[in-house]
Amino acid sequence: MSKIMSVFEKLNIVEKVDGGSDKKVTENTDEKSGSNEIEQENEVAVESVPDKGIDLPKVDKIKVSAEKNMSVEEIYTKFGIKEGGINTIFMLDKFINALPEKLPFDIKKDSIMSILAASGADLNILISDGEKRLDILQKYSQEYSKSAGIAVEQYKSEIEKLNKLIKDYEEQIYLRESMLIEQNNGIKKESEKITAVIDFFKNN
């Protein structure tokens with residue numbers, strides 16, 4: 001054993017130590033140094049762990065409407081117009097449908113005018129009722145289309161934000177997986193080297 005140590009000393013692998021007490025101090029110093037190295041390695045390992053925080057972009061919340069479409073009758077009620085009956089445009093509609101289809105147009109018109117005169121109804125009032133209904137339906141349709149259009153554009157905008165978010169996350173996944181492979185390969189290589197040294201001395 002002394003011959004082997006002498007060889008190590010000549011190769012400057014092991015320093016020559018005189019006395020048992022000095023040897024003990026040297027061993028304690030080596031142990032302390034090794035402990036510091038382990039602590040430093042742990043600190044480096046912790047610092048190299050990828051950040052777990054994820055910065056989520058601000059996505060505007062859109063309230064999804066649960067309302068159903070309104071029927072024509074409900075629209076009339078909303079604007080304070082009666083659905084049908086006497087003195088409405090629908091009286092004329094009923095008179096027209098009551099006459100035979102094959103009846104010539106002029107005869108149909110004269111017949112309806114006669115009925116109106118006999119019933120005391122005013123054609124102008126009935127036509128005015130119809131025009132009022134058309135105006136209300138048109139305005140409601142325009143407002144509804146405008147409101148629906150705004151909602152659709154908001155949804156499209158949110159979809160674009162979410163698609164960008166998904167793309168960013170996919171890039172982060174690829175980056176982290178690549179980092180994981182690289183990190184594991186480095187650790188595996190170092191572990192194999194250390195294991196080989198340990199096995200060399202354990203098996204001999």
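Evaluate segment 91-98: report whether one residue or more is without any contact (Cβ under 8 Å) to a residue 12 or more places away in the chain and farther than 30 Å from residue 69 by Cβ. Yes; the residues of segment 91-98 include at least one that is without any contact (Cβ under 8 Å) to a residue 12 or more places away in the chain and farther than 30 Å from residue 69 by Cβ. If the condition is being over 23 Å from residue 71 (Cβ atoms) and either in contact with a Lys or Arg (Cβ under 6 Å, 6 or more places away or on another chain) or of a type in the set (A, V, I, L, M) (or both), then segment 127-149 contributes only 127.
To keep it simple, each residue is scored yes or no on (1) exposed (fewer than 10 other Cβ atoms within 10 Å of the Cβ); (2) free of Cβ contacts under 8 Å to residues at least 40 places away in the same chain.
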position: 145; (1), (2): no, yes
position: 148; (1), (2): no, yes
position: 151; (1), (2): no, no
position: 154; (1), (2): no, no
position: 161; (1), (2): no, no
position: 170; (1), (2): no, yes
position: 175; (1), (2): no, yes
position: 186; (1), (2): no, yes
position: 203; (1), (2): yes, yes
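Can you name the residue in segment 71-94 that is part of a loop (DSSP other than H, G, I, E, B) and among the hydroxyl-bearing types (Ser, Thr, Tyr) and is also surrounded by the most Cβ atoms within 10 Å (Cβ to Cβ) among such residues? Steps first, answer last, please.
Going through segment 71-94, the residues part of a loop (DSSP other than H, G, I, E, B) turn out to be 71, 79-88.
Filter once more, so that each one left must be among the hydroxyl-bearing types (Ser, Thr, Tyr): 71, 88.
Working: 71: 10, 88: 19.
For segment 71-94, the residue satisfying everything is 88.
Restricting attention to segment 117-129, the residues that are farther than 18 Å from residue 81 by Cβ and loosely packed, with under 12 Cβ neighbours inside 10 Å total 4.
Of all the listed residues (68, 109, 63), the sole one being at pLDDT below 90, over 30 Å from residue 168 (Cα atoms) and of a type in the set (Lys, Arg) is 68. When 108, 132 are checked against the criterion of being surrounded by 13 or more Cβ atoms within 10 Å (Cβ to Cβ), within 59 Å of the chain's Cα centre (by Cα), among the charged types (D, E, K, R) and in a helix (DSSP H, G or I), 132 stands alone in meeting it. Of all residues in segment 95-105, exactly one satisfies the criterion of being closer than 22 Å to residue 72 by Cβ and exposed (fewer than 10 other Cβ atoms within 10 Å of the Cβ), namely 97.
The values are calculated or read from the model by the stated rules, or taken from the named source; none is laboratory data. Owing to the predicted nature of the structure, the values given are computational and were not obtained by experimental measurement. Heads up, the Cβs are rebuilt from the backbone with ideal geometry, glycines too, and the neighbour counts pull from every protein chain shown.
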